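Peer 1: Just passing along the structure, written as structure tokens.
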Amino acid sequence: MSDALAPDALILPPALRRVLPAARWERVTDGESGAGVWRSTRFVVKVQPRTLYPASTLLQERERLRWFAGRLPVPQVVAYEDDGAQEYLAMTRLPGIPMSHPDAALHPERMVNLLARALRELHALPVRECPFNMSLGARLKLARERVAAGAVDESDFDEERQGHSAVSVFNRLARTRPAQEDLVVTHGDACLPNFIVQGGVRGGTDRPGPRRNRRPAHRPGAGVAQHPPQPGRGLRRHAAGPLRTRAAG
């Protein structure tokens, strides 16, 4: 889903203006979550229009971030507001750079190791303690409801499925469902922009954000955080919300 429905400018509701200090807000254009995202030096605000069949809601993201707090390095929830037309979620901004940043690519091998460590920490969380069900049964039920409601954009299918109907794609998915699931706590959207790398600067090397490009002078570093993970008990899937892993110098 793109952020085409997200507002072009950040207009905070009164409840958020009372808790967030005046700041210069920068629009973040990466991502296809359907939410508009703005950041200041200290905070991040997400704004998502209310729709009938959202892939996820900011209320769900708030609950997942709260669950992750104390378990993994994630942003702290500052405030949540719903005015009936839009949801607003304010959280702290994690220090560092995303793994999709050009600087992170300067140390690709180290970034890969940091990302693997972050995912291992996530998957190591006790499944029985995770209250969010993202198993195949739960996900297929949601998919069936969206297909039945005509909420699937068939023009957005990948090349292999172009020209297919949402019903035929769903039926094939249901027919090929694995007989067993290997349940772990997952991220939901474990892509490079959702992992934040915070590292110390070391002479002669580069400092990356969560893993991808590089620039001589910094060395990736000390840790990785995951940006808003959405935990769920899923088939080797990832929970959404930021996490951070520690790496040896």
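Peer 1: Got a sec? Which of Trp38, Trp67 is within 30 Å of Leu142 (Cα to Cα), in contact with a Gly (Cβ under 9 Å, 6 or more places away or on another chain) and not β-branched (Val, Ile, Thr)?
Peer 2: From the options Trp38, Trp67, the qualifying one is Trp67.
Peer 1: Further question: Does any residue in the stretch 171-192 that is closer than 23 Å to Val152 by Cβ and of a type in the set (A, V, I, L, M) come within less than 9 Å, Cβ to Cβ, of a residue that is open to solvent by 80 Å² or more (accessible area, probe 1.4 Å) and assigned to a loop (DSSP other than H, G, I, E, B) six or more places away or on a different chain, and which pairs are these?
Peer 2: As it stands, the answer is none, since no pair meets every condition given.
Peer 1: Sticking with this structure for a sec: Picking from Ser155, Ser56, which residue would you name as being outside any strand (DSSP E or B), under 17 Å from Pro193 (Cβ atoms) and either modelled with pLDDT under 90 or not acidic (Asp, Glu) (or both)? Walk me through it before giving the result.
Peer 2: Numbers: Ser155 fails: under 17 Å from Pro193 (Cβ atoms).
Being outside any strand (DSSP E or B), under 17 Å from Pro193 (Cβ atoms) and either modelled with pLDDT under 90 or not acidic (Asp, Glu) (or both) holds for just one of Ser155, Ser56, which is Ser56.
Peer 1: Identify all residues within the stretch 63-89 that are touching a Phe, Trp or Tyr at 6+ places or on another chain (Cβ under 6 Å) and crowded, with 22+ Cβ neighbours inside 10 Å; write none if there are none. Break it down stepwise before answering.
Peer 2: At the first step, the residues of the stretch 63-89 found to be touching a Phe, Trp or Tyr at 6+ places or on another chain (Cβ under 6 Å) are 74, 81, 89.
Matches in the stretch 63-89: Val74, Leu89.
Peer 1: I've got another one for you. Kindly list the number of the only condition in (1) open to solvent by less than 30 Å² (accessible area, probe 1.4 Å); (2) out of contact with any Ser or Thr (no Cβ under 9 Å at 6 or more places or on another chain); (3) aliphatic (A, V, I, L, M); (4) not in a loop (DSSP other than H, G, I, E, B) that fails for Leu12.
Peer 2: The one condition Leu12 does not meet is (4).
Peer 1: Quickly run through the stretch 120-164 and pick out the residues that are out of contact with any strand residue (DSSP E or B) (no Cβ under 9 Å at 6 or more places or on another chain), open to solvent by less than 80 Å² (accessible area, probe 1.4 Å) and aliphatic (A, V, I, L, M).
Peer 2: Leu140, Ala143, Val147, Ala149, Ala151, Val152
Peer 1: Right, another one. If you check every pair at least six apart or on different chains, which have Cβ atoms under 6 Å apart with a residue in the stretch 138-163 that is over 18 Å from Thr51 (Cβ atoms) first and a residue that is assigned to a helix (DSSP H, G or I) and open to solvent by less than 80 Å² (accessible area, probe 1.4 Å) second?
Peer 2: Arg161/Val169
Peer 1: Test Ala116 against the stated conditions and say whether it is open to solvent by less than 30 Å² (accessible area, probe 1.4 Å) and either outside any strand (DSSP E or B) or touching a Leu at 6+ places or on another chain (Cβ under 8 Å) (or both).
Peer 2: Values: open to solvent by less than 30 Å² (accessible area, probe 1.4 Å): no; either outside any strand (DSSP E or B) or touching a Leu at 6+ places or on another chain (Cβ under 8 Å) (or both): yes.
No.
Peer 1: Moving to a separate point now. Sort out which residues of the stretch 86-100 are within 13 Å of Arg39 (Cβ to Cβ), assigned to a strand (DSSP E or B) and not hydroxyl-bearing (Ser, Thr, Tyr), and write them in order of number.
Peer 2: Those that are within 13 Å of Arg39 (Cβ to Cβ), assigned to a strand (DSSP E or B) and not hydroxyl-bearing (Ser, Thr, Tyr): Leu89, Ala90, Met91, Ile97, Pro98.
Peer 1: Another question about this same structure. Look at Glu32 and say whether it is outside any strand (DSSP E or B) and either out of contact with any helix residue (DSSP H, G or I) (no Cβ under 6 Å at 6 or more places or on another chain) or at pLDDT 95 or above (or both).
Peer 2: Taking the combined requirement at face value, the residue satisfies it.
Peer 1: If you check every pair at least six apart or on different chains, which have Cβ atoms under 7 Å apart with a residue in the stretch 78-89 that is in contact (Cβ under 8 Å) with a residue 40 or more places away in the chain and closer than 16 Å to Arg66 by Cβ first and a residue that is among the basic types (Lys, Arg) and open to solvent by 40 Å² or more (accessible area, probe 1.4 Å) second?
Peer 2: From the stretch 78-89, the pairs are Glu87/Arg50; Leu89/Arg62.
The values are calculated or read from the model by the stated rules, or taken from the named source; none is laboratory data. Keep in mind it's a predicted model, so treat the numbers as computed, not measured. All Cβ positions, even for glycine, are placed from backbone atoms using ideal geometry, and neighbour counts span all protein chains on display. What goes into the accessible areas is simple: the full protein's heavy atoms, side chains included, and nothing from ligands, DNA or RNA. Shrake-Rupley method; radii C 1.70, N 1.55, O 1.52, S 1.80 Å.
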